[in-house]
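Here's the structure we're looking at; comments come further down.
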Amino acid sequence: MAGLTLAVLLAQVSPTGLVIHTGPGFWAAVGFLSLFCTIGVFYVQNSAVRRTSPTRVSLLMGTEPLFGFALAWMLLSEPATPTTLIAARG
């Protein structure tokens, strides 16, 4: 999925459009939030998976990209473009 997303992105913008000019404070914040959120979510998710049935787990895991898109669309005004709809299908 990452490779397909990169190919679509590079087809839409030049490689120089991917460069971000920011300071170390920005990257420290991105690193902290990425690690903290990733570790926290994986811990909670793995704890919940152990306590429920395989049917519920497969339903949750299978619809996770769709819920991510729906919440980003509703809460963050993410545009519903064909690219995002394809990605939401998993």
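Can you find even one residue in segment 61-72 that is more than 15 Å from the chain's Cα centre (by Cα) and assigned to a helix (DSSP H, G or I)?
Of the residues in segment 61-72, the ones more than 15 Å from the chain's Cα centre (by Cα) are none.
There is no residue in segment 61-72 that is more than 15 Å from the chain's Cα centre (by Cα) and assigned to a helix (DSSP H, G or I).
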* Structure fact -> Given the conditions (1) surrounded by 10 or more Cβ atoms within 10 Å (Cβ to Cβ); (2) among the polar types (S, T, N, Q); (3) at pLDDT 90 or above, every one holds for residue 53 apart from (1)
* Right, residue 22: at pLDDT 85 or above, surrounded by 10 or more Cβ atoms within 10 Å (Cβ to Cβ), at negative phi and not in a helix (DSSP H, G or I) or not? -> no
* Asked: Is it true that residue 5 is touching a residue at least 60 places away in the same chain (Cβ under 8 Å) and surrounded by 10 or more Cβ atoms within 10 Å (Cβ to Cβ)?
  -> yes
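Tell me, please, whether a residue that is over 15 Å from the mean Cα position of the chain (by Cα) and small (Gly, Ala, Ser) can be found in segment 3-12.
To start, the set of residues in segment 3-12 that are over 15 Å from the mean Cα position of the chain (by Cα) comprises 7-12.
Retained after the next criterion (residues that are small (Gly, Ala, Ser)): 7, 11.
Yes, because at least one residue in segment 3-12 is over 15 Å from the mean Cα position of the chain (by Cα) and small (Gly, Ala, Ser).
Hey, among 87, 48, which residue is among the hydrophobic types (A, V, I, L, M, F, W, C), surrounded by 12 or more Cβ atoms within 10 Å (Cβ to Cβ), part of a helix (DSSP H, G or I) and in contact with a Pro (Cβ under 9 Å, 6 or more places away or on another chain)? Working first, answer last.
Details: 48 fails: in contact with a Pro (Cβ under 9 Å, 6 or more places away or on another chain).
Exactly one of 87, 48 is among the hydrophobic types (A, V, I, L, M, F, W, C), surrounded by 12 or more Cβ atoms within 10 Å (Cβ to Cβ), part of a helix (DSSP H, G or I) and in contact with a Pro (Cβ under 9 Å, 6 or more places away or on another chain), namely 87.
The values are calculated or read from the model by the stated rules, or taken from the named source; none is laboratory data. Just so we're clear, the structure is a prediction, and the values are computed from it rather than from any experiment. Here the Cβ is made from the backbone with ideal geometry for all residues, glycine too, and neighbour counts use every protein chain on show.
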